[in-house]
Amino acid sequence: MATPMTPDQWLKALRAEGVTDIVEMPGWRTNNRNHKGSWGDVHATMIHHTAGEGTGLPTWCFNGNAALPGPLCHDFLARSGRLYLVGNGRANHAGTVARNAYDAVRNESSHHPAPDAAEPIDGNAISYGLECENNGSPDRTWPAKQYDVAVRVQAARCRFHGWSADSVWAHKEATRRKPVDPRLPMDQFRRDVAERLAHPASWSPGDASTSPSKEDDMPLSDTDIKRVADAVVDRLLSKDAFDAPRDAADYSPDPKSPQHYARDHREDREDLRPRPRRAHPRDGRRRGRWCRRRGRPGGHVLRVVLGDDGGGRDSRGRDSAEGHGRARVRREELRVAGQGRLMRTAAARWLRRHLGRRGQWLLLWALAWVFWGYGVVAAPLPDERPFRLLLQAAPLHCWAWVWIGAGIICAGCSLLRPPWDWPGFIVALLPPLGWAMSYFVAGAVGDYERGLYAGLLWLTIAAAVLQSSRTREHSVPHSRKSGAR
């Protein structure tokens, strides 16, 4: 038996347990059904599955419907592991429950019997509720991230109230009306909660709590790498004998035996010694260890000289077929690098010729709006308080598609010749203006304390769009078929 947690206590317990991806839905602190029934004392925390999946589930859990008003749980856990705080107080999640199931969690019994047919207990008054996004199909798995957060959420409740993991129950263990809610092995789930409770709240599976900590390898700096390389070269150039390979037929492990060492001729390694290059016969310029030659417009290659001077001669001045081959490869590298530069330049000229200055501005706004809209769709904004004005007309993901649509229209208008491209600038101006208005309203009514500053930011972006629409074309872009003006 325990007094229900306050919103601040719940947030603190979640963060202490390592739950960081949290979305506080606007109004969740006062979203409850306390006017329809009692709430508390609480004795257990229940886990459910939603029996459906989709982006609108957090809102559905918050509001419910005409037949079953919200909130439908206290917390909603998405498959991504993001936790939405939905309600605080009595919620329509459990309904009536069986007496023997209620006695088991109240007494923290390790045995959870099958629920009786009679259900005289008001489960909404005595239990927290966690809804997890899962359609309930037998082959539908639970992502590891979602399962880990579910364990942390239930452990946070139990740790705060001093409960054991046996205070966690499933909806299917409380009533016969929900035989598979959720499709989780609850005995294993409770063991995972118990394992968390046996460690500090900051613990994570896999942490080495008893073994000594190991130091992380420190990456080598450029100076360290150069020092090691110089030491290897010095060793190669200063020693006449080295340890022989141990798999050699005549190898001897005795350091006093000649077979323990491999003799080498120092002159065979002279080409490893860095030296300045000879003056090039064609340009007379003296090169150092690092050679830089310019090729066609845009490309240059850096090469370390190890024996071959790049002109077909080795370090002793002898002709080398391998040296000629390296020179040919080098010339080919320079030619390819120059072609890459020319291709990039040609692409830039094509854009300027077909889009012009105004078209390039429209294409920039198009890309920005499409990326912003896609980001809102892929990763919904965690705080929806600034958008209460917009949410009265449509959900936030619908407004994200407005951004994407505006970007597509801007991209299409970037191909039009002035002055027929003016619809693109008008469409590019509307989304940031709507965003700015929503922030201003949220700041004015007190829903979002930073609404004024965020609104000014979006208003500045809208002003930038407006200023770009005043760009003049010095030469109107045209295609080659239409000819020059």
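The values are calculated or read from the model by the stated rules, or taken from the named source; none is laboratory data. All of these numbers come straight from a predicted model, not from anything done at the bench. A quick note on method: Cβ atoms are made from the backbone with ideal geometry, for glycine too, and the neighbour counts reach across all protein chains shown. SASA here: full protein model, heavy atoms, side chains in, ligands and nucleic acids out. Shrake-Rupley method; radii C 1.70, N 1.55, O 1.52, S 1.80 Å.
Quick one: is TRP420 in contact with a Cys (Cβ under 9 Å, 6 or more places away or on another chain), at pLDDT 80 or above and outside any helix (DSSP H, G or I)?
On the way: in contact with a Cys (Cβ under 9 Å, 6 or more places away or on another chain): yes; at pLDDT 80 or above: yes; outside any helix (DSSP H, G or I): yes.
Taking the combined requirement at face value, the residue satisfies it.
GLY54 fails exactly one of the following numbered conditions: (1) closer than 26 Å to LYS172 by Cα; (2) at pLDDT 95 or above. What is the number of that condition? Answer for GLY54: the failing condition is (2).
Has the stretch 435-456 got any residue that is closer than 22 Å to GLY359 by Cα, assigned to a helix (DSSP H, G or I) and modelled with pLDDT of 90 or more? Break it down stepwise before answering.
First pass over the stretch 435-456, keeping only residues closer than 22 Å to GLY359 by Cα: none.
Scanning the stretch 435-456 turns up no residue that is closer than 22 Å to GLY359 by Cα, assigned to a helix (DSSP H, G or I) and modelled with pLDDT of 90 or more.
Residues that are open to solvent by less than 60 Å² (accessible area, probe 1.4 Å) and within 16 Å of TRP10 (Cα to Cα) within the stretch 27-38 comprise GLY27, TRP28, ASN31, ASN32, listed in sequence order. Filtered by the rule that a residue be of a type in the set (Gly, Ala, Ser) and either under 25 Å from LEU381 (Cβ atoms) or part of a helix (DSSP H, G or I) (or both), the stretch 65-102 gives GLY70, ALA78, SER80, GLY81, GLY87, ALA91, ALA101.
Going through (1) at pLDDT below 95; (2) farther than 16 Å from THR50 by Cα one by one, ASN135 falls short only on (2). Scanning the stretch 394-451 for residues that are among the charged types (D, E, K, R) and touching a His at 6+ places or on another chain (Cβ under 9 Å) turns up just one, ARG417.
Does ALA66 fit the bill of being among the aliphatic types (A, V, I, L, M) and either in contact with a His (Cβ under 8 Å, 6 or more places away or on another chain) or under 15 Å from VAL168 (Cα atoms) (or both)?
On the way: among the aliphatic types (A, V, I, L, M): yes; either in contact with a His (Cβ under 8 Å, 6 or more places away or on another chain) or under 15 Å from VAL168 (Cα atoms) (or both): no.
In short, no.
Residues that are open to solvent by 10 Å² or more (accessible area, probe 1.4 Å), closer than 14 Å to ASP122 by Cα and at pLDDT 95 or above: does the stretch 72-85 have at least one? The answer is no; no qualifying residue exists.
In this entry, ASN134 passes the filter for residues that are over 19 Å from LEU11 (Cα atoms), open to solvent by less than 10 Å² (accessible area, probe 1.4 Å) and in contact with a Pro (Cβ under 8 Å, 6 or more places away or on another chain). Scanning the stretch 401-431 for residues that are more than 12 Å from LEU362 (Cα to Cα) and under 27 Å from the mean Cα position of the chain (by Cα) gives TRP401, VAL402, TRP403, ILE404, GLY405, PRO431. If a residue must be within 21 Å of LEU57 (Cα to Cα), assigned to a helix (DSSP H, G or I) and charged (D, E, K, R), how many such residues does the stretch 8-40 contain? Residues that pass the stated criteria total 1. Among the conditions (1) part of a helix (DSSP H, G or I); (2) touching a Gly at 6+ places or on another chain (Cβ under 6 Å); (3) closer than 22 Å to GLN188 by Cβ, PHE62 misses just one, which is (3). Working only within the stretch 384-432, note down all residues that are of a type outside the set (D, E, K, R), touching a residue at least 60 places away in the same chain (Cβ under 8 Å) and within 24 Å of LEU351 (Cα to Cα). Correct list: LEU415, PRO418, GLY424, PHE425, ALA428.
Looking at the stretch 138-159, is at least one residue of a type in the set (S, T, N, Q) and open to solvent by less than 10 Å² (accessible area, probe 1.4 Å)? For the stretch 138-159, residues of a type in the set (S, T, N, Q) and open to solvent by less than 10 Å² (accessible area, probe 1.4 Å): present. Highlighted here are the helices (runs of 4 or more DSSP H) found entirely within the stretch 103-180 that include at least 1 residues which are of a type in the set (Val, Ile, Thr) and closer than 20 Å to TRP203 by Cα: 144-161. Considering every residue within the stretch 184-206, establish whether at least one is touching a His at 6+ places or on another chain (Cβ under 9 Å), of a type in the set (A, V, I, L, M, F, W, C), open to solvent by less than 30 Å² (accessible area, probe 1.4 Å) and at pLDDT 90 or above. Within the stretch 184-206, one or more residues are touching a His at 6+ places or on another chain (Cβ under 9 Å), of a type in the set (A, V, I, L, M, F, W, C), open to solvent by less than 30 Å² (accessible area, probe 1.4 Å) and at pLDDT 90 or above.
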